[in-house]
There are 4 protein chains.
Amino acid sequence: MKIGLLTSGGDCPGLNAVIRGAVLNGVKTYGHEFVGFRDGWRGVVEGDYMDLPRTKVRGLARQGGTILGTSRTNPFDGPNGGPENIEIMMERNEIDAIVAIGGEGTLAGAKRLADAGLPVVGVPKTIDNDLQATDYTFGFDTAVSIATDAMDRLRTTGESHHRAMVAEVMGRHVGWIALHSGMSAGAHAVLIPEQQVSMEQVAKWVSEVHERGRSPLVVVAEGFIPEGFDEVLHNKGVEKDGRPRLGGIGDYVTQEIERLTGIETRNTILGHIQRGGAPTGFDRVLATRLGMAVTDMVHDKEWGKMVALQGTEINRVDLSVALDGLKTVPQHRWEEAKVLFGR
Amino acid sequence: MKIGLLTSGGDCPGLNAVIRGAVLNGVKTYGHEFVGFRDGWRGVVEGDYMDLPRTKVRGLARQGGTILGTSRTNPFDGPNGGPENIEIMMERNEIDAIVAIGGEGTLAGAKRLADAGLPVVGVPKTIDNDLQATDYTFGFDTAVSIATDAMDRLRTTGESHHRAMVAEVMGRHVGWIALHSGMSAGAHAVLIPEQQVSMEQVAKWVSEVHERGRSPLVVVAEGFIPEGFDEVLHNKGVEKDGRPRLGGIGDYVTQEIERLTGIETRNTILGHIQRGGAPTGFDRVLATRLGMAVTDMVHDKEWGKMVALQGTEINRVDLSVALDGLKTVPQHRWEEAKVLFGR
Amino acid sequence: MKIGLLTSGGDCPGLNAVIRGAVLNGVKTYGHEFVGFRDGWRGVVEGDYMDLPRTKVRGLARQGGTILGTSRTNPFDGPNGGPENIEIMMERNEIDAIVAIGGEGTLAGAKRLADAGLPVVGVPKTIDNDLQATDYTFGFDTAVSIATDAMDRLRTTGESHHRAMVAEVMGRHVGWIALHSGMSAGAHAVLIPEQQVSMEQVAKWVSEVHERGRSPLVVVAEGFIPEGFDEVLHNKGVEKDGRPRLGGIGDYVTQEIERLTGIETRNTILGHIQRGGAPTGFDRVLATRLGMAVTDMVHDKEWGKMVALQGTEINRVDLSVALDGLKTVPQHRWEEAKVLFGR
Amino acid sequence: MKIGLLTSGGDCPGLNAVIRGAVLNGVKTYGHEFVGFRDGWRGVVEGDYMDLPRTKVRGLARQGGTILGTSRTNPFDGPNGGPENIEIMMERNEIDAIVAIGGEGTLAGAKRLADAGLPVVGVPKTIDNDLQATDYTFGFDTAVSIATDAMDRLRTTGESHHRAMVAEVMGRHVGWIALHSGMSAGAHAVLIPEQQVSMEQVAKWVSEVHERGRSPLVVVAEGFIPEGFDEVLHNKGVEKDGRPRLGGIGDYVTQEIERLTGIETRNTILGHIQRGGAPTGFDRVLATRLGMAVTDMVHDKEWGKMVALQGTEINRVDLSVALDGLKTVPQHRWEEAKVLFGR
């Protein structure tokens, strides 16, 4: 078989490890051949791909990013998109299967193509850990690790200056990174999209900690919506109540804490460093196993499925299951975390 | 309630995070009181403990080791050991429950005490990840992370000198650390206690890699037994077949590779650095949640059980289930890893 | 002797190592006694200090921040400030000498007090590395190390998305952190306060790199002033030429690159993580040696001086030498770095 | 000009950064051409080299090891060695200059060739930091950083088990790595080749620390010779006084501490991880600058010299100066460190 791989959507530590795992297993176990579509679905639609011999995947387990490039192109758009055109492209290039490594949008595209009869499978990828049917996605552990390390640093500077520190982490729709990095760093409040909290409550938590002589650490996910707001503040650059607001939610939370508590407060937006660089050991193992397993699944011609971590095993699940809504932070995890807030 | 915590056996990153999670949840949710027995069961047997107010657990999430100290004392030994004496000690000090944080031996002791009617529960701890009934144990991810980082370094020095590199990691009875760190670092052979392999096979894998112009990396668990041997070589300091052998299995494997392939080979024993220092984010979250959950379980007076990670949830399981044999690397994980060896 | 230590100004990894070095050398070599003023000069002016026995400095070599706290209080302000009051405070508390650990402002205050006859000495501290008379200041190496690590991560995400990446680092008046971290990370342009560069030139460097198929990395110090501007843009929140500008210079540079080159560009502000957390080995050794040396200098009653790294030795220099203007990036270091830009 | 680079002797983080700096400066500033001899002097003697266009040095600043390979071949040995043969090789391949990146042996070879009239210059390389005329050599800071990180980990495990911990670091002839990593990690004794110390003294330091309730950390360089011994114990595998000894000096020191103090003691040999992997920011900057500077020096045809870090500048010095004996740890640095031992 000749198998085409693609990586799509935001990059994520572990993408290269998936590619390596898929190629090594395919070449060594089955004698399959691999090509890599350039820049996600764009490469599929335009028939733009590179050869992927095993020499090309050397040393990729520990390399961040994706050697295939990525984009947010949709496989159904444009004159060359859609299942018919893609089928023609595959035939012309003698490509027998497509492995789409990506998040919700990518997998939704993969499902539509599989539903149309194309030999397509998926590998779940989301740094936010928001996909159903898989316990964790690769990249998430690396993001938590980077955020934890950064917060450990913020703690010492906060203590020295008797300040409150705010750290804004990724998570537009779900709070997994905030929850795990916050618990890991011993945060005194974690603010996530799933739970509206009033700024008065946040200020109360912060004050309680400050009164005990400690430097409060507040972790806020990009998509957190304070009580009283209808939508995400991120990167709007607008104002409310006449107070100036520079950036996203981290800046807003910082200003409100300072205003309500009188405690000097500083914001740090971790930003793109959360999704780059070498994956953690956990993510390398997970990504390698997913890559190996997806090749087995392709070999078995189980189209329309994806591979997923469940407990300690890699299982095959229907793409439809994975696409059944975002995996948000459940209420009991929020209650668990909240015990550690404030006081 | 007044709850006594103890940490027993080899130390492990995350022990302090368990203590912190248990105390914070107990104090804030239930108003419980905590004490910490010094040096594991020794403190129980001798009634030697310290007060554990919440101020004492500040900042512990990221601190390696255990503030309680640890030892390998057995709670049934000596004139003050055994359930009757321990019960008297608990009554005299008004301690209502014991939380034993430890590995197989510790949990077996806890079970025997619980079977004798004492209010004892457990938290699983093993850096080797060899306990049943829990997907992972804290400390394991940190060990894999440290080993991976070290192996990344060994790779570049191996390539520069055209050498084969051997890395000996922990794992007397199971190969989990070797398997995960080896897969993570892109090792060309991983040797584990669960699988006897001949040195000729290892030499073949090494030669194949060397012939492709790369520097072979071989990861070996302390407890690996080469084909033709009956028992573990570790730290025996003896010889076989007239060849000198300095240390443990890593040295033996190194010498044999060099003898059989003619390739210059170097051994590195990672040793104690694998079990010290700050835990990874993954381990901090896991340990914190286990600590919080065990306090809930004590509050519910479910004696004779332990808390365990299953999928993404912390569940309560009977200690007997956890003690039903070592959790070894299963055959399909070995087959999966083996695809990546050699060639 | 009874010696009072203080840490003043922005915190910096290594402050605690200086304190530890000073106390251990003083206690063990000379039998001196130590106290620590709380929050810099505020503690001096208010006579607010804590005892610093050697048990208090245990494990401080690797701990970020300062256990003494810090502030930006001036020793000459307020009803209790000025040399006469401070002398009275010292007599009342039997404090024989003051060691001020701080940057330009702190050392200027120390010099004025020494000129007024008080037994005061200094230890240079600036994360920006902008003090004369010392080759490096502690904290600088840690900041470069953190920034380098972050930029390594930005590189992989830039390559995957074919973007240009901008990293804003500390440095309001000098470009040392930008220069060293940029050279370390292989940046394609480094923008520093010492050198005005037009945005057209920056865009040219970025385009050249992008045309060679690589992801351009631009490092910009907070205090960089683009050609055509009169002053620093940092945190002004104003606009120019009708284009919106959210934050500081990093945002401005990012927008201009995107506007002039058409290449998707992303900014990351490293912010407070650069000054927190465990110091590097280099900074721990430097800070420990400075701390030990300042105790020797106090013992020798050489007031009005500071200790400084020159080559590999710690020497004593007059505070006036250190205060003779900022140590900026010299022209030949800029020319050296510029060879690596663009193309 | 066509310039040939070689890396020789033990590998060292920063070698690739030197190569990159030399090539980028040469190509961009002067239009020079570069080739890389394979495996040190072997490539010179055998005329075995690869083309080094600037695309080949992409991303090398952060890559450990050397892409040129290394060996311990001597340029004067064999039928093709010696200045006449090398001159013929250079003419035949139109190579105008040789840049030898290496330690004492390599630079001695370079000097002999330069004395014979060949256009040869050097770049100092030694992870041990034992070369005269340069304040630091690249690789040393990385080794200290890795060792410090490992020792931080050993500390927590030592404290938990009430053990003494021994860490054996590199340094056959000089104690720089031991001195700096030991000071950085807060070691309670540092044993270096330059200073004979009795095991009774070491045991005294260890006991003093243990009595204060702390876990003693002893750092020992490979080349340390205890009082009463005439030569280095490293890797001899022999015994003395009937006591068994498995490995090198670390094992001996460990056994003696245990024997003399009765305190459980564990050894860790850091070994090859000290010389592999990504260089620190400090080493990347130093190595890049040395590479750039050596190209300038070649352009100026100043043969028989090497580039060296002195203070903050890169200067040119005669190879003879660098070869004038090992740079050992001077007495005043030993006295300084000793203040921190024991008690």
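Consider C:Gly102 carefully, then state whether it is among the small types (Gly, Ala, Ser), within 30 Å of D:Arg212 (Cβ to Cβ) and within 14 Å of chain A (Cβ to nearest Cβ). Give the derivation first.
Working: among the small types (Gly, Ala, Ser): yes; within 30 Å of D:Arg212 (Cβ to Cβ): no; within 14 Å of chain A (Cβ to nearest Cβ): yes.
In short, no.
Give me a count of the residues in the stretch D:155-180 that are at the interface with another protein chain (Cβ under 9 Å from one of its Cβ atoms) and out of contact with any Ser or Thr (no Cβ under 7 Å at 6 or more places or on another chain).
4
Just a yes or no: is a residue in the stretch D:109-116 open to solvent by less than 10 Å² (accessible area, probe 1.4 Å), away from chain B (no Cβ under 14 Å), out of contact with any Leu (no Cβ under 8 Å at 6 or more places or on another chain) and not basic (Lys, Arg)? Lay out the reasoning, then the answer.
Taking the stretch D:109-116 as the starting set, the residues that turn out to be open to solvent by less than 10 Å² (accessible area, probe 1.4 Å) are D:109-110, D:113.
Pick out the ones that are also away from chain B (no Cβ under 14 Å) and you get D:109-110, D:113.
Restricting the remaining residues to those that are out of contact with any Leu (no Cβ under 8 Å at 6 or more places or on another chain) gives D:109, D:113.
Okay, now just the ones that are also not basic (Lys, Arg), so D:109, D:113.
Looking through the stretch D:109-116, at least one residue is open to solvent by less than 10 Å² (accessible area, probe 1.4 Å), away from chain B (no Cβ under 14 Å), out of contact with any Leu (no Cβ under 8 Å at 6 or more places or on another chain) and not basic (Lys, Arg).
Quick one: is C:Arg212 charged (D, E, K, R), in contact with an Asp or Glu (Cβ under 7 Å, 6 or more places away or on another chain) and either at pLDDT below 95 or open to solvent by 10 Å² or more (accessible area, probe 1.4 Å) (or both)?
Spelling it out, it is not the case that C:Arg212 is charged (D, E, K, R), in contact with an Asp or Glu (Cβ under 7 Å, 6 or more places away or on another chain) and either at pLDDT below 95 or open to solvent by 10 Å² or more (accessible area, probe 1.4 Å) (or both).
Scan (1) at pLDDT 95 or above; (2) in contact with a Lys or Arg (Cβ under 9 Å, 6 or more places away or on another chain); (3) crowded, with 24+ Cβ neighbours inside 10 Å for the single condition A:Glu256 breaks and write down its number.
(3)
Tally up the residues in the stretch B:321-341 that are open to solvent by less than 60 Å² (accessible area, probe 1.4 Å), part of a helix (DSSP H, G or I) and within 30 Å of B:Lys301 (Cβ to Cβ), please.
1
May I ask you to list the residues in the stretch D:261-278 that are part of a loop (DSSP other than H, G, I, E, B) and in contact with a Leu (Cβ under 9 Å, 6 or more places away or on another chain)? Steps first, please.
So the first thing to find is which residues in the stretch D:261-278 are part of a loop (DSSP other than H, G, I, E, B), and the list is D:262-264, D:270, D:276-278.
Within the stretch D:261-278, D:Gly276, D:Gly277 meet the criteria.
Please find, among D:Ser181, D:Ser207, the residue that is assigned to a helix (DSSP H, G or I), open to solvent by 10 Å² or more (accessible area, probe 1.4 Å) and either at pLDDT 95 or above or within 24 Å of B:Ile273 (Cβ to Cβ) (or both). Talk me through it step by step, then tell me what you get.
Working: D:Ser181 fails: open to solvent by 10 Å² or more (accessible area, probe 1.4 Å).
Residue meeting the stated conditions: D:Ser207.
Which members of the stretch D:126-154 meet the condition of being open to solvent by less than 10 Å² (accessible area, probe 1.4 Å), within 14 Å of chain B (Cβ to nearest Cβ) and not hydrophobic (A, V, I, L, M, F, W, C)?
D:Gly139, D:Thr142, D:Thr148
Check off (1) more than 24 Å from the chain's Cα centre (by Cα); (2) facing another protein chain (nearest Cβ under 8 Å) for A:Gly65 and give me the number that stays unchecked.
Only one criterion in (1) more than 24 Å from the chain's Cα centre (by Cα); (2) facing another protein chain (nearest Cβ under 8 Å) is unmet by A:Gly65, namely (1).
Test C:Asn85 against the stated conditions and say whether it is touching an Asp or Glu at 6+ places or on another chain (Cβ under 8 Å), of a type in the set (S, T, N, Q), at pLDDT 95 or above and not in a loop (DSSP other than H, G, I, E, B). Before the answer, list the steps.
Details: touching an Asp or Glu at 6+ places or on another chain (Cβ under 8 Å): no; of a type in the set (S, T, N, Q): yes; at pLDDT 95 or above: yes; not in a loop (DSSP other than H, G, I, E, B): yes.
Here the answer is no, as C:Asn85 does not meet what is asked.
Take the residues of the stretch A:259-280 that are among the aliphatic types (A, V, I, L, M) and open to solvent by 60 Å² or more (accessible area, probe 1.4 Å): which is nearest to the other protein chains (Cβ to nearest Cβ)?
Among them, the one singled out is A:Ile269.
With the checklist (1) modelled with pLDDT under 95; (2) under 22 Å from B:Ile146 (Cα atoms); (3) touching a strand residue (DSSP E or B) at 6+ places or on another chain (Cβ under 6 Å) in hand, flag the one item B:Ala322 doesn't pass.
(2) is the only condition that B:Ala322 fails.
Somewhere in the stretch A:60-79, is a residue in contact with a His (Cβ under 7 Å, 6 or more places away or on another chain) and in contact (Cβ under 8 Å) with a residue 24 or more places away in the chain?
So in the stretch A:60-79, the residues in contact with a His (Cβ under 7 Å, 6 or more places away or on another chain) come out as A:69-70.
Remaining after also requiring in contact (Cβ under 8 Å) with a residue 24 or more places away in the chain: A:69-70.
Yes, that holds for at least one residue.
Out of all the residues in the stretch A:24-35, which are closer than 18 Å to A:Val120 by Cβ and surrounded by 24 or more Cβ atoms within 10 Å (Cβ to Cβ)?
So the first thing to find is which residues in the stretch A:24-35 are closer than 18 Å to A:Val120 by Cβ, and the list is A:26, A:32-35.
Result: A:Gly26, A:Phe34.
Touching a strand residue (DSSP E or B) at 6+ places or on another chain (Cβ under 6 Å) and under 14 Å from A:Ala293 (Cα atoms): which single residue out of A:Val44, A:Val18 fits that description?
Being touching a strand residue (DSSP E or B) at 6+ places or on another chain (Cβ under 6 Å) and under 14 Å from A:Ala293 (Cα atoms) holds for just one of A:Val44, A:Val18, which is A:Val18.
Can you tell me which residue among D:Asp128, D:Asp141, D:Asp96 is over 20 Å from D:Gly10 (Cβ atoms) and acidic (Asp, Glu)?
Going through D:Asp128, D:Asp141, D:Asp96 in turn, the sole match is D:Asp96.
Could you tell me how many of the residues in the stretch D:115-148 are in a helix (DSSP H, G or I) and not aromatic (Phe, Trp, Tyr)?
9
Each row is one residue, and each column tells you yes or no for (1) crowded, with 24+ Cβ neighbours inside 10 Å; (2) assigned by TED's automatic domain parsing to the domain that holds D:Asp115; (3) not in a loop (DSSP other than H, G, I, E, B).
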position: D:Leu286; (1), (2), (3): yes, yes, yes
position: D:Asp296; (1), (2), (3): no, yes, yes
position: D:Ala308; (1), (2), (3): yes, yes, yes
position: D:Ile314; (1), (2), (3): no, yes, yes
position: D:Arg343; (1), (2), (3): no, no, no
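Which of the residues that make up the stretch A:44-82 are part of a helix (DSSP H, G or I) and surrounded by fewer than 18 Cβ atoms within 10 Å (Cβ to Cβ)?
Within the stretch A:44-82, A:Glu46, A:Arg54, A:Thr55, A:Lys56 qualify.
Could you check C:Met183 against (1) within 21 Å of C:Val339 (Cα to Cα); (2) more than 10 Å from every other protein chain (Cβ to nearest Cβ); (3) not small (Gly, Ala, Ser) and say which number it fails?
Failed condition: (2).
The values are calculated or read from the model by the stated rules, or taken from the named source; none is laboratory data. Everything numeric in this text was worked out from a predicted model, so none of it was measured. FYI the Cβ positions are ideal-geometry reconstructions off the backbone, even for glycines, and counts take in every protein chain you see. Accessible surface is based on the protein model in full, side chains and every heavy atom, while ligands, DNA and RNA are left aside. Shrake-Rupley method; radii C 1.70, N 1.55, O 1.52, S 1.80 Å.
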